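S.K.: I am attaching a structure below and will ask some questions about it afterwards.
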Number of protein chains: 2
Amino acid sequence: MTDFFQDHMPENVCFGCGIHNPDGLQIKSYWENDVSVCKWMPEEKYHGWADLLNGGIIATLIDCHCMGTAMADAYRRENRSLDSNPVYRYATGSLNIKYLKPTSTHHEVELRAKILEVKDRKTVLSCEFHSQGEKTAEGEAVAIRVYDSSQDEGDNPFK
Amino acid sequence: MTDFFQDHMPENVCFGCGIHNPDGLQIKSYWENDVSVCKWMPEEKYHGWADLLNGGIIATLIDCHCMGTAMADAYRRENRSLDSNPVYRYATGSLNIKYLKPTSTHHEVELRAKILEVKDRKTVLSCEFHSQGEKTAEGEAVAIRVYDSSQDEGDNPFK
């Protein structure tokens, strides 16, 4: 069974990636060797123009997929499972996106992210966004580790 | 009565700015001299972490506010109203956002965008994002005029 990053983020209500947000996009990300993958099927209400996926939703998908990937990468570097302690959570420092082609709302999209750099609490990632076999957008995200349960037990922003 | 840009975009179903998307954010933008302003009240479902606005929704707001501003600026440069012909519509070429501080979901946010550069079909804009009197994010967007009714009458992507 695929081990999705987001299934190990209890109390996550995030619009993009929270399993506890019934109104959210509920993305699921997983490792495929050194690339993290997310496949997601658009809903019509998220169009920008008719039949085309909204650019802000594309940004949301890239953002949340990259934050989940930064988290999973940090655990992996410490050779431990996503259910182990300490708990790490990441927030977005910056997000840069290029829109290359229109993205259909009628086909599943696929995001593929890679780690570019890790330095202390900061992780830099690149992400390709594909639809129907074509790259329709690409992004770079800076993720900041804003929660570490070993440092600050009483301040989990997910609670 | 305030003249909102988005009230002059018939058939706009965009998740961020379409008046014809009942599930969308339905932003409204207007001129305050050379700055375009958008005030928007978050809904709880758009949180990232509890009580904090999702970064992807912040990106969506900045994106759509900037595209509307690029459109309104183009009409204004031609000294004509937003209901006049030819019809121009813009799509996002790129979007760069820095997240500076958490943004509450419990208070109205205010976006303030400026035109940085206009060259042919391309408009570059900056946008500040404020909550509770503080700048919590800032962005830069490149808008591309992808529809001009005087050039291509039969291909309105809003239809």
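S.K.: Suppose we keep only residues that are away from every other protein chain (no Cβ under 14 Å) and outside any loop (DSSP other than H, G, I, E, B) within segment B:126-144. Which one would you say is farthest from residue A:47 (Cα to Cα)? Full working, then the answer.
M.R.: Of all residues in segment B:126-144, those away from every other protein chain (no Cβ under 14 Å) come to B:126, B:128, B:130-135.
After this cut, where a residue has to be outside any loop (DSSP other than H, G, I, E, B) as well, the list is B:126, B:128, B:130-131, B:134-135.
Details: B:126: 24, B:128: 25, B:130: 26, B:131: 27, B:134: 31, B:135: 29 Å.
Ranking the qualifying residues of segment B:126-144, first place goes to B:134.
S.K.: In the set A:63, A:51, A:7, which member is charged (D, E, K, R) and at the interface with chain B (Cβ under 7 Å from one of its Cβ atoms)? First the steps, then the outcome.
M.R.: Details: A:51 fails: at the interface with chain B (Cβ under 7 Å from one of its Cβ atoms); A:7 fails: at the interface with chain B (Cβ under 7 Å from one of its Cβ atoms).
Just a single option satisfies the conditions, and that option is A:63.
S.K.: Would you check which residues across segment A:46-58 are small (Gly, Ala, Ser) and either part of a helix (DSSP H, G or I) or buried (at least 24 other Cβ atoms within 10 Å of the Cβ) (or both) and list them?
M.R.: To start, the set of residues in segment A:46-58 that are small (Gly, Ala, Ser) comprises A:48, A:50, A:55-56.
Matches in segment A:46-58: A:48, A:55, A:56.
S.K.: Follow-up. Restricting to segment B:84-102, and then to whatever is in contact with a Ser or Thr (Cβ under 8 Å, 6 or more places away or on another chain) and without any contact (Cβ under 8 Å) to a residue 60 or more places away in the chain, can you tell me which residue is nearest to residue B:14 (Cα to Cα)?
M.R.: B:90
S.K.: Touching a residue at least 12 places away in the same chain (Cβ under 8 Å) and surrounded by 19 or more Cβ atoms within 10 Å (Cβ to Cβ): is that true of residue B:61 in this structure? Steps first, please.
M.R.: Details: touching a residue at least 12 places away in the same chain (Cβ under 8 Å): yes; surrounded by 19 or more Cβ atoms within 10 Å (Cβ to Cβ): yes.
Yes; evaluated as a whole, the condition is true for this residue.
S.K.: Give segment A:28-48 a look and list any residue that's at the interface with chain B (Cβ under 7 Å from one of its Cβ atoms) and within 21 Å of residue A:2 (Cβ to Cβ), or say none.
M.R.: Filtering segment A:28-48 down to residues at the interface with chain B (Cβ under 7 Å from one of its Cβ atoms) leaves A:45-48.
Passing the criteria: none in range.
S.K.: Looking for whichever is surrounded by 17 or more Cβ atoms within 10 Å (Cβ to Cβ), away from chain B (no Cβ under 14 Å) and assigned to a loop (DSSP other than H, G, I, E, B) here; the options are A:25, A:82. Which one fits?
M.R.: Values: A:25 fails: away from chain B (no Cβ under 14 Å).
Only one candidate qualifies: A:82.
S.K.: Something else about it: Check residue A:117 against each of (1) under 22 Å from residue A:18 (Cβ atoms); (2) free of Cβ contacts under 8 Å to residues at least 24 places away in the same chain; (3) not small (Gly, Ala, Ser) and name the one condition it does not meet.
M.R.: All conditions pass for residue A:117, except number (1).
S.K.: Same structure again: I'd like to verify a number: residues in segment B:85-116 that are in a loop (DSSP other than H, G, I, E, B) and either within 13 Å of chain A (Cβ to nearest Cβ) or of a type in the set (Lys, Arg) (or both), how many? Can you show your working first?
M.R.: Here is the first cut: in segment B:85-116, the ones in a loop (DSSP other than H, G, I, E, B) are B:85-87, B:100-103, B:105-108.
Pick out the ones that are also either within 13 Å of chain A (Cβ to nearest Cβ) or of a type in the set (Lys, Arg) (or both) and you get B:100-103, B:105.
Residues meeting the conditions: 5.
A short reminder: the numbers here are calculations on the coordinates, not readings from a lab. The structure presented is a predicted model; accordingly, all values stated were derived computationally and were not measured. Neighbour counts run over all protein chains shown; Cβ positions are idealised from the backbone, glycine included.
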